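The values are calculated or read from the model by the stated rules, or taken from the named source; none is laboratory data. Fair warning: this is a prediction, and the values are worked out from it, not measured in the lab. Note: ideal-geometry Cβ built from the backbone for every residue, glycine included; neighbour counts use all protein chains shown. Note: accessible area is taken over every heavy atom of the protein model, side chains too, but ligands, DNA and RNA are not part of it. Shrake-Rupley method; radii C 1.70, N 1.55, O 1.52, S 1.80 Å.
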Amino acid sequence: MAEQGKEENSVNQDTEKERGEYTPPVQSDFLRETIKQKPVNKKKLLRRTLITVAMAVVFGLVACFTFLVLEPVISNRLYPEEEAEEVQFPEETVTEEMRPEDMLVEEEKQEPEEKEPEGLDDEKIEKLLSQVRFGLQEYQLLYEEMAELAKTAGRSVVTVTSVVSDVDWFNNIYENEASASGIIVANNGKSILILVSAGMLNDADSIIVTFCDQATVDAQLVQKDAATGLAVLSVPLISIDEETMDIIDIANLGSSNNSDLLGSPVVALGSPMGTSGSVCYGVVTSVGTVVDQPDSAYKTMATDIYGSRNATGVLVNLKGMVIGIIDNMNTSNDMGNLLTAYGISELKRTIEKMSNDKERAYLGVHGADVPEEAGEELGIPMGAYIKEIEMDSPAMEAGIQSGDVVIEVNETPIMTYNELLTILYNASPEDVLDMVLMRQGKEMDVSVTLGRWQ
């Protein structure tokens with residue numbers, strides 16, 4: 001027991017000895033480190049920010065400018081775009097419509113001549129005439145053929161709808177729509193061109209064209225004509241389905257200068273009754289009435305077709321050719337609701353101008369041909385007789401007066417008023433025309449700088 005106690009005492013002494021020898025490590029003050037943030041220079045930071053923003057803006061502008069300049073060039077190189085073809089109508093050749101008696105003559109010429117039977121008395125003549133009948137069945141067949149003609153010609157007729165958005169008293173947005181019938185007059189390789197009344201297009205926010213198969217597409221205004229109140233619209237070919245392209249057709253523009261047009265049957269297509277798709281039949285009752293407008297000699301024709309005062313559309317002959325553009329604005333009050341139309345022959349040059357988006361030159365004169373009697377009796381030379389001058393027009397500024405006769409323009413002799421109009425249609429605004437006038441038996445030289453239609 002005594003030994004065990006000694007051993008425990010020695011162990012405790014060794015442990016105390018080890019504890020006494022341990023000394024903690026010395027931590028010197030010079031080894032301590034404190035990290036402090038660098039003070040921010042606000043002016044320098046703001047300046048760098050502004051420089052960075054300015055450089056970003058300059059880079060963006062340069063990139064946008066480069067893209068805008070090079071993108072069309074690159075696109076044209078990769079995908080060359082075909083230019084629109086210039087619209088031109090063939091020169092008109094006057095062909096008289098074949099009358100029924102002429103058709104009989106032609107048939108007689110084609111058939112071998114037969115000897116007239118001898119002894120043809122009244123009884124035999126009456127018997128032969130009784131064999132030629134025109135009953136209800138033939139009458140129905142006639143109108144079925146007329147309807148088929150209208151259907152075929154109607155493939156070139158479209159309905160144009162203008163949409164105008166507005167706001168009412170309660171700030172509610174609503175839309176007003178107006179529609180008119182037009183015709184397809186040309187295809188320039190990029191767009192379908194449509195002739196329609198311009199009155200319903202005023203302030204239009206959007207223009208919608210409905211073809212004969214009820215397909216609808218958006219259209220853009222190409223140009224308006226202030227004299228006739230007509231306009232030309234364009235519909236891109238890429239926006240028209242192939243099925244629609246296979247159905248629609250370009251109108252066949254005929255002639256309104258035929259000598260036998262008076263009394264010939266016509267079909268009114270479009271909206272003759274004020275509703276789209278209506279059809280009327282009738283005959284031409286008068287031709288050759290000239291609408292008195294500056295720098296023009298548009299002729300109108302009247303029919304016996306009773307329609308709407310707001311009628312639009314076209315008149316076609318029995319060959320399906322368009323001979324008139326319906327416009328009842330020039331109808332006299334005593335004719336009521338009888339349809340009238342502009343003759344297509346005088347409109348062709350205007351349609352060409354609008355279709356090619358060429359500005360029309362403006363002189364500002366009302367004229368007529370010099371009658372042959374006046375030339376023989378009074379010694380007035382043949383030329384374009386000036387009846388009236390528009391106020392503040394280029395003609396007035398150049399000194400042209402009522403009663404003058406234009407006998408020469410740019411060294412080209414002028415024999416009729418239509419020849420003067422032809423020169424005006426081929427001219428452009430700002431062109432200078434050197435004219436020779438005859439005033440009270442004396443020649444005068446004037447230079448006119450043409451303006452533009454407003």
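Which pairs have Cβ atoms under 9 Å, sit 6 or more apart or on different chains, and link a residue in segment 428-443 that is under 13 Å from ALA395 (Cβ atoms) to one that is outside any strand (DSSP E or B) and open to solvent by 80 Å² or more (accessible area, probe 1.4 Å)?
Pairs found: LEU437/GLN401.
What residue, of LEU233, LEU237, LEU195, LEU221, is farther than 22 Å from SER278 by Cα, of a type in the set (A, V, I, L, M, F, W, C), touching a residue at least 12 places away in the same chain (Cβ under 8 Å) and open to solvent by less than 10 Å² (accessible area, probe 1.4 Å)?
Going through LEU233, LEU237, LEU195, LEU221 in turn, the sole match is LEU233.
Which members of segment 180-213 meet the condition of being modelled with pLDDT under 90 and over 15 Å from the mean Cα position of the chain (by Cα)?
Answer for segment 180-213, where residues must be modelled with pLDDT under 90 and over 15 Å from the mean Cα position of the chain (by Cα): ASP203, ASP205.
Among the helices (runs of 4 or more DSSP H) lying completely within segment 289-408, list those that include at least 1 residues that are under 14 Å from LEU421 (Cβ atoms).
Counting at least 1 such residues, we get 344-355, 394-398.
List, please: which pairs have Cβ atoms under 6 Å, are six or more places apart or on different chains, and start with a residue in segment 395-412 that is surrounded by 19 or more Cβ atoms within 10 Å (Cβ to Cβ) and end with one that is charged (D, E, K, R)?
ASP404/ARG439
What number goes with the only condition from (1) assigned to a strand (DSSP E or B); (2) polar (S, T, N, Q); (3) surrounded by 14 or more Cβ atoms within 10 Å (Cβ to Cβ) that SER276 does not pass?
Only one criterion is unmet by SER276, namely (1).
On the basis of being over 13 Å from the mean Cα position of the chain (by Cα), more than 21 Å from MET354 (Cβ to Cβ), at pLDDT 90 or above and open to solvent by 40 Å² or more (accessible area, probe 1.4 Å), does PRO265 make the cut?
Criteria met by PRO265.
Just one of ALA180, ALA153, ALA186, ALA204 is crowded, with 17+ Cβ neighbours inside 10 Å, part of a helix (DSSP H, G or I) and touching a strand residue (DSSP E or B) at 6+ places or on another chain (Cβ under 6 Å); which is it?
ALA153
Given the criteria open to solvent by 30 Å² or more (accessible area, probe 1.4 Å), under 26 Å from GLU148 (Cβ atoms) and touching a strand residue (DSSP E or B) at 6+ places or on another chain (Cβ under 7 Å), does THR312 qualify?
So THR312 does not fit the description; no.
Could you tell me whether any residue of segment 369-380 is at pLDDT below 90, closer than 21 Å to THR289 by Cα and touching a helix residue (DSSP H, G or I) at 6+ places or on another chain (Cβ under 7 Å)?
yes
So which of VAL157, VAL163, VAL185, VAL167 ends up being in contact (Cβ under 8 Å) with a residue 12 or more places away in the chain and more than 22 Å from ALA341 (Cβ to Cβ)?
VAL163
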